[in-house]
1. Given labels modelled 7 Å from the Cα in the Cβ direction, how far is it in nm from A:Ser47 to A:Asp5?
2. Spelling out what I want: for every residue of segment B:130-139, take phi, set θ = phi - 60°, compute 6.51 cos²θ - 1.76 cosθ + 1.60 (Karplus), and round to whole Hz; glycine and proline get x.
3. Based on the Cβ-Cβ distance of A:Gln182 and B:Ser59, what FRET efficiency does E = 1/(1 + (r/R0)^6) give at R0 = 30 Å, to the nearest 0.05?
4. Could you work out how much longer the chain between B:Ser2 and B:Asp92 gets when fully extended? Use 0.36 nm per residue separation minus the Cα distance between them, nm to one decimal.
5. At 0.36 nm per residue, and after removing the present C-alpha to C-alpha distance, how many nm does the segment from A:Ala78 to A:Arg193 gain when stretched out fully?
6. Taking the number of other C-beta atoms within 10 Å as the exposure measure, put A:Lys51, B:Lys97 in order starting with the fewest.
7. Which ³J(HN,Hα) values, rounded to whole Hz and listed in residue order, are derived for segment A:99-113 from phi using the Karplus coefficients 6.51, -1.76 and 1.60 in 6.51 cos²θ - 1.76 cosθ + 1.60 with θ = phi - 60°, glycine and proline given as x?
8. Need one number: nm distance between label points at B:Thr82 and A:His26, each 7 Å from Cα along Cα→Cβ, rounded to one decimal.
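Read the figures in this text as sums done on the coordinates, not as results from a lab. The model shown is predicted, which means the values in this text are computed figures rather than measured ones. Neighbour counts are summed over all protein chains in view; Cβ atoms, including those assigned to glycine, are modelled from backbone coordinates with ideal geometry.
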Amino acid sequence: MSGSDDAVLELRAVHRTHGTGPAAVHALRGVSLVVRPGELVAVMGPSGSGKSTLLALAGGLDRPTGGEVRVEGQPLGALDRRGLAQLRRRRIGYIFQQLNLLGSLSALENVALPLELDGTSGRRARALAMAALTEVGLPAMGDRFPDQLSGGQQQRVAIARALVGERRLVLADEPTGALDSQTGEAVLHLLRRRIDAGAAGVLVTHEARHAGWADRVVFLRDGVLVDTTAPLGSVEQLLSGSDR
Amino acid sequence: MSIRHGLLALLERGQMYGYQLRAAFEESTGSTWPLNIGQVYTTLSRLERDGLVRPLPESEAGQRPYEITDAGRADLALWFATPISRNDRPRDELAIKLALALTTPGVDVRSVVQAQRSATMRALQELTRLKYGSNRPEDLPWRLVLDSMVFQAEAEVRWLDHCETSLVRHQPSGPAPPAPRPDDADVRDAARWAGEEARR
């Protein structure tokens with residue numbers, strides 16, 4: 001297992017090719033990546049470098065054409081559609097730029113929805129949803145509908161939905177979207193806090209300031225990981241300048 | 001920026017002696033700009049020479065406080081009112097380095113760009129971590145200093161991204177070829193380098 005026993009997410013020599021023959025597009029070409037509990041990895045790279053493909057494969061929304069993706073040790077390739085859907089609902093949280101909140105449901109109902117779809121009782125799902133809304137600082141907004149919330153509040157509801165229950169893997173694709181810099185920062189703060197509490201996360205972004213929240217930044221170019229930043233020292237080491 | 005104006009700004013709060021000034025300076029810059037006590041006293045004596053501060057009688061503990069003069073206040077007000085000129089900042093070594101990398105035979109510019117981007121990104125991670133750890137209201141001055149460094153690092157990464165995109169557009173095949181000019185005495189050398197590069 002090459003020291004990746006505790007990995008929440010593991011990509012092993014993953015390839016993803018769209019189409020065949022001369023028209024084939026190689027979105028990912030042999031990408032390997034391990035993300036452990038408490039670790040946030042940012043993925044940066046120019047448009048078309050394969051960032052979003054990587055995230056879709058990590059979340060089981062797409063299947064690789066080569067290599068293997070594991071979530072908490074479970075090879076996703078071994079799961080059928082139902083098994084994969086269940087894993088996605090229970091263990092993986094997604095935060096996208098498009099929030100995909102349902103306008104006809106309240107904030108609380110939006111957050112509780114994935115749990116209820118998974119068979120959690122309505123009462124328990126609402127309790128967990130309320131805990132998640134509290135975590136993102138919106139305990140009093142549960143009854144509001146999306147169009148009664150500001151952009152930043154809607155984004156927080158979407159994050160609460162991604163974090164609700166026992167999600168161990170949080171996948172975020174440009175999660176701060178069009179938010180202003182203060183609100184965007186608050187979103188990353190929330191993500192960081194959940195990671196520090198033991199989840200693992202992958203953040204796809206083209207904003208260096210957002211990638212700064214990660215423990216490690218990897219650079220994708222033409223479907224290949226070309227570089228990664230060195231591990232960070234503790235705050236104490238940073239302050240004393242002794243980590244260099 | 002000068003330590004001079006930093007000390008004047010601190011003295012505007014009230015009289016202080018050297019060690020107090022040093023501590024207050026470091027506090028307001030979040031220790032991102034460490035000062036030694038020698039710098040403080042050298043600066044104070046220059047400020048005194050220029051009539052911008054004046055020494056007060058020594059305390060019983062042997063410490064000599066300083067206070068700001070009216071001329072010092074005017075100088076400080078002028079400093080706050082005047083934007084910092086970009087020309088006052090040191091030349092950008094990185095921009096010059098990349099420009100030279102483009103025209104120096106045998107240099108893989110994309111590697112230079114990527115190595116710098118990784119290093120700058122890591123610095124950005126460090127700054128973000130320091131910021132994440134400073135949430136108290138009294139940390140605000142420090143957070144703003146950190147923010148400034150965060151935005152500068154971000155700008156550098158964006159510029160490096162831009163450089164890479166430009167390189168891809170203009171030189172699809174890896175390292176930059178030299179840019180020989182007919183009157184250049186080094187044309188033959190450059191051609192030889194380019195040949196070696198191509199054989200690699």
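1. Modelled inter-label distance: 4.6 nm.
2. 5, 5, 4, x, 10, 9, 6, x, 6, 7
3. After rounding, the FRET efficiency stands at 0.10.
4. Numbers: separation 90, 0.36 × 90 = 32.40 nm, distance 1.94 nm.
This chain segment gains 30.5 nm when fully extended.
5. Result: 38.2 nm gained on full extension.
6. Least crowded to most crowded, the residues run B:Lys97, A:Lys51.
7. 6, 6, 7, 8, x, 8, 10, 6, 4, 4, 5, 4, 6, 6, 3
8. 5.9
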